[in-house]
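The values are calculated or read from the model by the stated rules, or taken from the named source; none is laboratory data. This one's a predicted model, so the numbers in the text were calculated from it and none came from an experiment. Glycine also receives a Cβ, built like all others from the backbone with ideal geometry; neighbour counts cover every protein chain displayed. In case anyone asks, the SASA skips ligands and DNA or RNA and just uses the protein heavy atoms, side chains included. Shrake-Rupley method; radii C 1.70, N 1.55, O 1.52, S 1.80 Å.
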Amino acid sequence: NGVGLAEFIAPGLIMMTMLQNSFANSASSIGQAKSQGNIVDVLMAPLGDFELTIGYIGGSVARGLICGLVTAIGMFLFLSLEIHSFFALIFYAIMGCLMMGSLGTIVGIWADKWDQQQGITNFIVLPMTFLSGTFYSISRLPEFWQNFAIFNPFFYNIDGFRFAFLGKSDSSLIVGSITLIIINFILIFLCYLMF
(Lines give C-alpha, C1' and ligand atoms only; values in the text may rest on other atoms or scores of the structure.)
Protein backbone atom coordinates (compact mmCIF):
# COMPACT_ATOMS: atom_id res chain seq x y z
CA ASN A 1 0.00 0.00 0.00
CA GLY A 2 2.80 2.40 -0.83
CA VAL A 3 4.75 1.76 2.39
CA GLY A 4 8.09 0.01 2.66
CA LEU A 5 7.96 -3.48 4.15
CA ALA A 6 10.25 -2.68 7.09
CA GLU A 7 8.25 0.46 7.97
CA PHE A 8 5.02 -1.54 7.71
CA ILE A 9 6.18 -4.43 9.89
CA ALA A 10 7.96 -2.41 12.62
CA PRO A 11 4.83 -1.06 14.42
CA GLY A 12 3.28 -4.54 14.36
CA LEU A 13 6.37 -6.06 15.94
CA ILE A 14 6.44 -3.39 18.64
CA MET A 15 2.77 -4.02 19.46
CA MET A 16 3.23 -7.79 19.35
CA THR A 17 6.06 -7.45 21.89
CA MET A 18 3.84 -5.38 24.16
CA LEU A 19 0.90 -7.80 23.90
CA GLN A 20 2.92 -10.93 24.61
CA ASN A 21 4.87 -9.41 27.51
CA SER A 22 1.75 -7.97 29.13
CA PHE A 23 0.12 -11.38 29.01
CA ALA A 24 3.21 -13.19 30.29
CA ASN A 25 3.70 -10.80 33.22
CA SER A 26 0.45 -11.41 35.06
CA ALA A 27 0.00 -15.03 33.98
CA SER A 28 3.48 -16.06 35.10
CA SER A 29 3.38 -13.95 38.30
CA ILE A 30 0.20 -15.61 39.50
CA GLY A 31 1.22 -19.02 38.14
CA GLN A 32 4.57 -18.97 39.93
CA ALA A 33 3.00 -17.76 43.17
CA LYS A 34 0.50 -20.63 43.01
CA SER A 35 3.09 -23.29 42.22
CA GLN A 36 5.54 -22.08 44.89
CA GLY A 37 2.81 -21.70 47.48
CA ASN A 38 3.42 -18.03 48.21
CA ILE A 39 0.10 -16.93 46.70
CA VAL A 40 -1.06 -17.05 50.32
CA ASP A 41 1.08 -13.99 51.05
CA VAL A 42 -0.75 -12.04 48.36
CA LEU A 43 -4.19 -13.24 49.38
CA MET A 44 -3.61 -12.64 53.11
CA ALA A 45 -2.46 -9.06 52.59
CA PRO A 46 -5.04 -6.39 53.44
CA LEU A 47 -5.86 -5.84 49.78
CA GLY A 48 -9.33 -6.01 48.32
CA ASP A 49 -10.30 -7.61 45.04
CA PHE A 50 -10.14 -4.25 43.27
CA GLU A 51 -6.60 -3.51 44.52
CA LEU A 52 -5.38 -6.97 43.46
CA THR A 53 -6.94 -6.49 40.04
CA ILE A 54 -5.37 -3.05 39.56
CA GLY A 55 -2.03 -4.26 40.92
CA TYR A 56 -1.61 -7.24 38.61
CA ILE A 57 -2.99 -5.48 35.54
CA GLY A 58 -0.94 -2.35 36.30
CA GLY A 59 2.23 -4.42 36.52
CA SER A 60 1.40 -6.04 33.20
CA VAL A 61 0.79 -2.70 31.53
CA ALA A 62 4.09 -1.38 32.89
CA ARG A 63 6.03 -4.40 31.59
CA GLY A 64 4.32 -4.24 28.21
CA LEU A 65 5.05 -0.53 27.77
CA ILE A 66 8.69 -0.90 28.86
CA CYS A 67 9.27 -3.84 26.50
CA GLY A 68 7.55 -1.92 23.70
CA LEU A 69 9.74 1.13 24.35
CA VAL A 70 12.93 -0.96 24.28
CA THR A 71 11.81 -2.67 21.07
CA ALA A 72 10.95 0.70 19.51
CA ILE A 73 14.39 2.08 20.40
CA GLY A 74 15.94 -0.94 18.71
CA MET A 75 13.77 -0.37 15.64
CA PHE A 76 14.66 3.32 15.48
CA LEU A 77 18.35 2.38 15.21
CA PHE A 78 17.64 0.76 11.83
CA LEU A 79 14.52 2.58 10.56
CA SER A 80 13.45 6.17 10.32
CA LEU A 81 9.89 5.90 11.62
CA GLU A 82 7.83 9.03 12.12
CA ILE A 83 4.99 9.28 14.58
CA HIS A 84 1.82 10.41 12.83
CA SER A 85 -0.44 10.50 15.92
CA PHE A 86 0.81 10.55 19.51
CA PHE A 87 -2.74 10.08 20.78
CA ALA A 88 -3.22 6.88 18.75
CA LEU A 89 0.22 5.67 19.84
CA ILE A 90 -0.57 6.05 23.55
CA PHE A 91 -4.20 4.91 23.28
CA TYR A 92 -3.51 1.66 21.41
CA ALA A 93 -0.42 0.86 23.46
CA ILE A 94 -2.38 1.15 26.70
CA MET A 95 -5.47 -0.62 25.34
CA GLY A 96 -3.36 -3.54 24.10
CA CYS A 97 -1.45 -3.88 27.36
CA LEU A 98 -4.66 -3.62 29.39
CA MET A 99 -6.32 -6.32 27.29
CA MET A 100 -3.45 -8.77 27.55
CA GLY A 101 -2.68 -7.98 31.19
CA SER A 102 -6.31 -8.72 32.06
CA LEU A 103 -6.33 -11.89 29.98
CA GLY A 104 -3.07 -13.00 31.59
CA THR A 105 -4.52 -12.40 35.05
CA ILE A 106 -7.58 -14.47 34.17
CA VAL A 107 -5.41 -17.31 32.84
CA GLY A 108 -3.11 -17.11 35.90
CA ILE A 109 -6.06 -17.45 38.27
CA TRP A 110 -7.72 -20.19 36.20
CA ALA A 111 -4.70 -22.37 35.37
CA ASP A 112 -3.78 -25.02 37.91
CA LYS A 113 -0.69 -26.20 36.02
CA TRP A 114 1.97 -24.68 33.78
CA ASP A 115 0.69 -26.87 30.95
CA GLN A 116 -2.69 -25.16 31.02
CA GLN A 117 -1.11 -21.70 31.00
CA GLN A 118 1.28 -22.60 28.18
CA GLY A 119 -1.59 -24.18 26.25
CA ILE A 120 -3.43 -20.84 26.26
CA THR A 121 -0.22 -19.05 25.26
CA ASN A 122 0.69 -21.45 22.44
CA PHE A 123 -2.76 -22.20 21.01
CA ILE A 124 -4.62 -18.91 21.52
CA VAL A 125 -2.32 -15.94 22.18
CA LEU A 126 0.44 -16.67 19.65
CA PRO A 127 -1.85 -17.63 16.74
CA MET A 128 -4.07 -14.60 17.34
CA THR A 129 -1.05 -12.27 17.33
CA PHE A 130 0.36 -13.80 14.15
CA LEU A 131 -3.05 -13.77 12.42
CA SER A 132 -3.71 -10.14 13.28
CA GLY A 133 -1.96 -8.38 10.42
CA THR A 134 1.42 -8.01 12.06
CA PHE A 135 3.27 -9.04 8.90
CA TYR A 136 0.70 -8.22 6.22
CA SER A 137 -2.18 -5.96 5.35
CA ILE A 138 -5.52 -7.72 5.68
CA SER A 139 -6.63 -5.95 2.49
CA ARG A 140 -4.44 -8.51 0.67
CA LEU A 141 -6.31 -11.47 2.16
CA PRO A 142 -9.26 -13.32 0.60
CA GLU A 143 -12.64 -12.09 1.83
CA PHE A 144 -13.14 -15.00 4.25
CA TRP A 145 -9.88 -14.25 6.07
CA GLN A 146 -10.58 -10.51 6.09
CA ASN A 147 -13.85 -11.23 7.89
CA PHE A 148 -11.99 -13.56 10.25
CA ALA A 149 -9.47 -10.82 11.09
CA ILE A 150 -12.24 -8.37 11.95
CA PHE A 151 -13.24 -10.63 14.86
CA ASN A 152 -9.68 -10.73 16.20
CA PRO A 153 -9.20 -7.98 18.83
CA PHE A 154 -5.42 -8.19 18.35
CA PHE A 155 -5.97 -6.88 14.83
CA TYR A 156 -7.51 -3.65 16.11
CA ASN A 157 -4.54 -3.07 18.43
CA ILE A 158 -1.97 -3.63 15.72
CA ASP A 159 -3.93 -1.73 13.06
CA GLY A 160 -4.45 1.29 15.33
CA PHE A 161 -0.85 1.24 16.51
CA ARG A 162 0.35 1.05 12.91
CA PHE A 163 -1.89 4.04 12.11
CA ALA A 164 -0.03 5.99 14.81
CA PHE A 165 3.14 5.65 12.72
CA LEU A 166 1.94 5.49 9.11
CA GLY A 167 -1.32 7.43 9.13
CA LYS A 168 -3.02 4.52 7.31
CA SER A 169 -5.27 1.80 8.67
CA ASP A 170 -7.01 -1.29 7.30
CA SER A 171 -10.18 -0.77 9.34
CA SER A 172 -12.27 1.89 11.01
CA LEU A 173 -10.37 3.33 13.97
CA ILE A 174 -13.65 4.24 15.69
CA VAL A 175 -14.93 0.65 15.50
CA GLY A 176 -11.56 -0.64 16.71
CA SER A 177 -11.40 1.83 19.60
CA ILE A 178 -14.92 1.05 20.79
CA THR A 179 -14.28 -2.68 20.47
CA LEU A 180 -11.11 -2.46 22.56
CA ILE A 181 -12.74 -0.31 25.25
CA ILE A 182 -15.64 -2.78 25.58
CA ILE A 183 -13.33 -5.83 25.63
CA ASN A 184 -11.08 -4.22 28.24
CA PHE A 185 -14.01 -3.28 30.45
CA ILE A 186 -15.32 -6.87 30.31
CA LEU A 187 -11.90 -8.44 30.97
CA ILE A 188 -11.07 -6.14 33.89
CA PHE A 189 -14.49 -6.82 35.41
CA LEU A 190 -13.93 -10.59 35.01
CA CYS A 191 -10.55 -10.25 36.78
CA TYR A 192 -12.26 -8.44 39.62
CA LEU A 193 -14.92 -11.16 39.89
CA MET A 194 -12.33 -13.95 39.82
CA PHE A 195 -10.33 -12.38 42.66
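Which is the longest part of the chain that has none of the trypsin sites (Lys or Arg not before Pro) sitting in a DSSP loop with at most 16 other Cβ atoms within 10 Å?
It runs 1-112.
With r as the distance between the Cβ atoms of Met128 and Gln32 and R0 = 25 Å, compute the FRET efficiency 1/(1 + (r/R0)^6) and round to 0.05.
Given R0 = 25 Å and the Cβ-Cβ separation, E is 0.55.
Leaving out ligands and nucleic acids, note down the accessible area per residue over the chain with a 1.4 angstrom probe, in whole Å².
Accessible area per residue, the chain: 52 Å².
Excluding Met15 itself, calculate the net charge of residues whose Cβ lies under 12 Å from the Cβ of Met15, where each Lys or Arg counts +1 and each Asp or Glu counts -1.
0
List the relative contact order of region 72-195 as a percent without decimals, with contacts defined as Cα pairs under 8 Å and 6+ residues apart.
40
Using a 10 angstrom cutoff on alpha carbons, build the Gaussian network for the chain and name the most mobile of Val107, Val125, Val175.
Sorting by GNM fluctuation, first place goes to Val175.
Taking the chain as a Gaussian network, where each spring joins two C-alpha atoms under 10 Å apart, which residue of Gln116, Gln146, Gln36 fluctuates the most?
Gln36
So, with +1 on the Cβ of K and R and -1 on the Cβ of D and E, and no other charges, what is the size of the charge dipole of the chain about its Cα centre, to the nearest 20 debye?
In total the dipole reaches around 160 debye.
Please compute the length gained on full extension between Ile94 and Arg140, using 0.36 nm multiplied by the number of residues separating them and subtracting their Cα-Cα distance.
13.8 nm
Would you mind counting up the charge near Arg140? Only other residues with Cβ under 15 Å from its Cβ, with Lys and Arg at +1 and Asp and Glu at -1.
After counting each charged neighbour, the total is -1.
When the accessible area of the chain is computed with all protein chains present and a 1.4 Å probe, what percentage of it is carbon and sulfur?
Carbon with sulfur: 70 percent of the solvent-accessible area.
Candidates [x] 56, 37, 28; [y] 43, 39, 34; [z] 45, 41, 29; which is the computed Cα extents along the principal axes in Å?
Answer by label: [x].
Which is farthest toward the positive dipole end of the chain among Leu79, Cys191, Asn157, measuring Cα position about the Cα centre, with Cβ charges +1 (Lys, Arg) and -1 (Asp, Glu)?
Of the candidates, Leu79 comes out farthest on the positive side.
Among Gly104, Gly55, Gly96, whose mean-square fluctuation peaks in a Gaussian network model of the chain (Cα, cutoff 10 Å)?
Looking only at Gly104, Gly55, Gly96, the biggest GNM fluctuation is shown by Gly55.
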